[in-house]
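The values are calculated or read from the model by the stated rules, or taken from the named source; none is laboratory data. Keep in mind the model is a prediction, meaning the values are calculated, not measured. Note that we place each Cβ from the backbone using ideal geometry, even for glycine, and neighbour counts take in every protein chain shown.
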Amino acid sequence: MNTPFTRVMFSIIRKDLLAELRSRELVGTMLMFALLSVLIFSFALELDRVARQEAISGVLWVTIIFGSILGLNRSMGMERDNGNMDAMLLAPISRPAIFAGKFLGNLLFTLVVGLLLLPLTTILYNISVISGWMLVILGLGIFGFCVTGTLIATMTVQTRAREALLPIALLPVALPLLLAAVKATTAILNNVPFADWGTWAQILLVIDVVYLVVCVLAFEYVIED
Amino acid sequence: MSDTRPIIEIDRLVKTFGFLPVLRQVSLSIPRGQFVALLGANGSGKSTLLRLIAGLIKPGEGEIRVGGWLIPAEAAAVRPQIGMVSHKALLYDNLTARENLRFYARLYNLPADQAEARIQELLQQVGLWKRGESLVRTFSRGMQQRLSIARALLHNPHVLLFDEPHTGLDQEAGAALDALLQSAHAAGHTIIMTTHELDRAARLAERAIIIHRGKVAYDAATTPALPVLYREITGTAPTP
């Protein structure tokens, strides 16, 4: 009989947190990338306030996405490098529980980076990007990206060129999600009423649910021969 | 009455990767408690056979049964019966020895109090009780391999699969590993070990199986003449 789903899921999250607290490899790398990326954009885009307000949502999401890709590569690489994924697959545990554990760990790390990025962007661009709706859209966008990212990183991590392959395979799949997230973020920053941009939030939610179901179902086929 | 049925039964097993046949009509029967050395040149299909028995990959044709359960259809019943040690450590570098074992104990659903007692017992058995709180990344290759054996024994499986466990070990670490293998065998575990070291195989195992070009080319009790037989069958010299 398989070990209970939640026990496996929380064990994997706990293990990832413990390993990260020791090494600070994952969040540290993602944060450093995010900081440098936002800084470079702030110097490169010497725009007036209105133009900056239009560009900032793109800067924010590009930084989160590429930072997240770094983290996903590292997180799944940790399972491949010493054959740990094989050790997990040998255990009497359901494959969706492994996916849930890895996904929630990745989500947690990316959310930390995303949340730290908001005050940083506010300071560097002199535009307040912190609001309730902003947090909702950030959460929905990162959720969807981490769902697809965890599945695709599981595939690409088995290849030699995994660092290069992950963005190539992931970005086209994540494109609809990014589009909705950027549109909603731009509307929030321009103080557009919810009624005018709420559709983007709904699209984001639907994409998240669809991706979650597809990725949980596909994980077993991806992870096993 | 003891169970006399074979613990592993393989019937006309075929495995191909793409168009490349790796195992061709392999049939084997391994009794409970036997120590089997699986030999063969690189690419002969030894590791593939171990991964098939472990349920990590699926067979193309044929049947594999472990403890009477069919793989992959009844894999959930097979997994608790198998422990595996590979040339990779299958351990997390940034966790301590004890944290690694605790993590796997949770995956095998061992109750927390039993798990702690078992972890302590195994750390003593593999000679790492003083290093239980050390990070795995500070361990030598030999220590990692010993901890890997503790991990494989955690849930007390019937079958232990060793995929070239001596790779990268010096003589002293290799001898320590041999002692652990012998004690696991004495404790009644069924052991299948792939290796290129024929002298070691002849010394430790009671049965040798040579896989050549995806087929069982030799299957009999180990003998000091194993290196000669190996050369005759495979046409290659064994690794010194």
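For segment B:90-99, the set of residues classified as facing another protein chain (nearest Cβ under 8 Å) and either surrounded by 24 or more Cβ atoms within 10 Å (Cβ to Cβ) or not in a loop (DSSP other than H, G, I, E, B) (or both) consists of B:Leu91, B:Tyr92, B:Glu99, listed by residue number. Each residue in segment B:12-23 was checked for being within 16 Å of B:Ile57 (Cβ to Cβ) and either surrounded by fewer than 17 Cβ atoms within 10 Å (Cβ to Cβ) or of a type in the set (D, E, K, R) (or both), and 7 pass. Checked against the criterion of being of a type in the set (Gly, Ala, Ser) and crowded, with 20+ Cβ neighbours inside 10 Å, the candidates A:Ser23, A:Ser37, A:Ser11, A:Ser42 yield just one match: A:Ser11. When A:Ile12, A:Ile65 are checked against the criterion of being at the interface with another protein chain (Cβ under 9 Å from one of its Cβ atoms) and part of a helix (DSSP H, G or I), a single residue qualifies: A:Ile12.
Reported count of residues in segment A:166-225, each being touching a residue at least 60 places away in the same chain (Cβ under 8 Å), within 30 Å of A:Arg74 (Cα to Cα) and not in a helix (DSSP H, G or I), is 1.
Against the list (1) within 14 Å of chain A (Cβ to nearest Cβ); (2) in contact with a helix residue (DSSP H, G or I) (Cβ under 7 Å, 6 or more places away or on another chain); (3) farther than 23 Å from B:Ala150 by Cα; (4) at pLDDT below 95, the condition B:Ala73 fails is (2). Scanning segment B:154-201 for residues that are charged (D, E, K, R), within 16 Å of B:Ser86 (Cα to Cα) and in a loop (DSSP other than H, G, I, E, B) turns up B:Glu164, B:Glu197. Of all the residues in segment A:86-113, those that are touching a Ser or Thr at 6+ places or on another chain (Cβ under 6 Å) and within 16 Å of A:Leu31 (Cβ to Cβ) number 2.
So that you can scan it fast, the table gives a plain yes or no per residue for (1) in contact with a Cys (Cβ under 6 Å, 6 or more places away or on another chain); (2) within 19 Å of A:Arg162 (Cβ to Cβ); (3) at pLDDT 95 or above:
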{"site": "A:Gly58", "(1), (2), (3)": "no, no, no"}
{"site": "A:Asn73", "(1), (2), (3)": "no, yes, no"}
{"site": "A:Met76", "(1), (2), (3)": "no, yes, no"}
{"site": "A:Glu79", "(1), (2), (3)": "no, yes, no"}
{"site": "A:Asn84", "(1), (2), (3)": "no, yes, no"}
{"site": "A:Ala100", "(1), (2), (3)": "no, no, yes"}
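Only strands (runs of 3 or more DSSP E) whose full extent lies in segment B:20-74 are considered here, and the ones with at least 1 residues that are among the aromatic types (Phe, Trp, Tyr) and more than 22 Å from A:Glu220 (Cβ to Cβ) are B:35-39. Please specify each residue of segment B:79-89 satisfying the condition of being surrounded by fewer than 24 Cβ atoms within 10 Å (Cβ to Cβ) and more than 7 Å from every other protein chain (Cβ to nearest Cβ). Within segment B:79-89, B:Gln81, B:His87 qualify. For segment A:126-137, the condition of being in contact (Cβ under 8 Å) with a residue 60 or more places away in the chain, surrounded by 23 or more Cβ atoms within 10 Å (Cβ to Cβ) and not small (Gly, Ala, Ser) holds for at least one residue. Just one of the numbered conditions (1) within 16 Å of A:Asn106 (Cβ to Cβ); (2) surrounded by 17 or more Cβ atoms within 10 Å (Cβ to Cβ); (3) over 18 Å from the mean Cα position of the chain (by Cα) is not true of A:Thr3; which one? With (1) within 16 Å of A:Asn106 (Cβ to Cβ); (2) surrounded by 17 or more Cβ atoms within 10 Å (Cβ to Cβ); (3) over 18 Å from the mean Cα position of the chain (by Cα) applied to A:Thr3, the lone miss is (1).
In segment B:120-172, the residue that is nearest to B:Asp93 (Cα to Cα) out of those that are of a type in the set (Ser, Thr, Tyr) and surrounded by fewer than 19 Cβ atoms within 10 Å (Cβ to Cβ) is B:Thr138.
Taken as a whole, the structure leaves A:Met30 outside the set of residues that are surrounded by 22 or more Cβ atoms within 10 Å (Cβ to Cβ), touching a helix residue (DSSP H, G or I) at 6+ places or on another chain (Cβ under 8 Å), within 8 Å of chain B (Cβ to nearest Cβ) and under 22 Å from A:Leu111 (Cα atoms).
Among (1) within 14 Å of another protein chain (Cβ to nearest Cβ); (2) among the small types (Gly, Ala, Ser); (3) surrounded by fewer than 19 Cβ atoms within 10 Å (Cβ to Cβ); (4) closer than 18 Å to B:Leu181 by Cβ, where does B:Gly33 come up short? Result: B:Gly33 fails condition (1) only.
Table: residues versus (1) more than 14 Å from chain B (Cβ to nearest Cβ); (2) among the aromatic types (Phe, Trp, Tyr); (3) in contact (Cβ under 8 Å) with a residue 12 or more places away in the chain.
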residue: A:Val50; (1), (2), (3): yes, no, no
residue: A:Val59; (1), (2), (3): yes, no, yes
residue: A:Arg80; (1), (2), (3): no, no, yes
residue: A:Asn84; (1), (2), (3): no, no, no
residue: A:Ser94; (1), (2), (3): no, no, yes
residue: A:Ile98; (1), (2), (3): no, no, yes
residue: A:Gly101; (1), (2), (3): no, no, yes
residue: A:Asn106; (1), (2), (3): yes, no, yes
residue: A:Leu115; (1), (2), (3): yes, no, yes
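Is there a residue in segment B:110-122 that is more than 12 Å from every other protein chain (Cβ to nearest Cβ), under 29 Å from B:Leu49 (Cβ atoms), assigned to a helix (DSSP H, G or I) and not β-branched (Val, Ile, Thr)? Yes, segment B:110-122 contains a residue that is more than 12 Å from every other protein chain (Cβ to nearest Cβ), under 29 Å from B:Leu49 (Cβ atoms), assigned to a helix (DSSP H, G or I) and not β-branched (Val, Ile, Thr).
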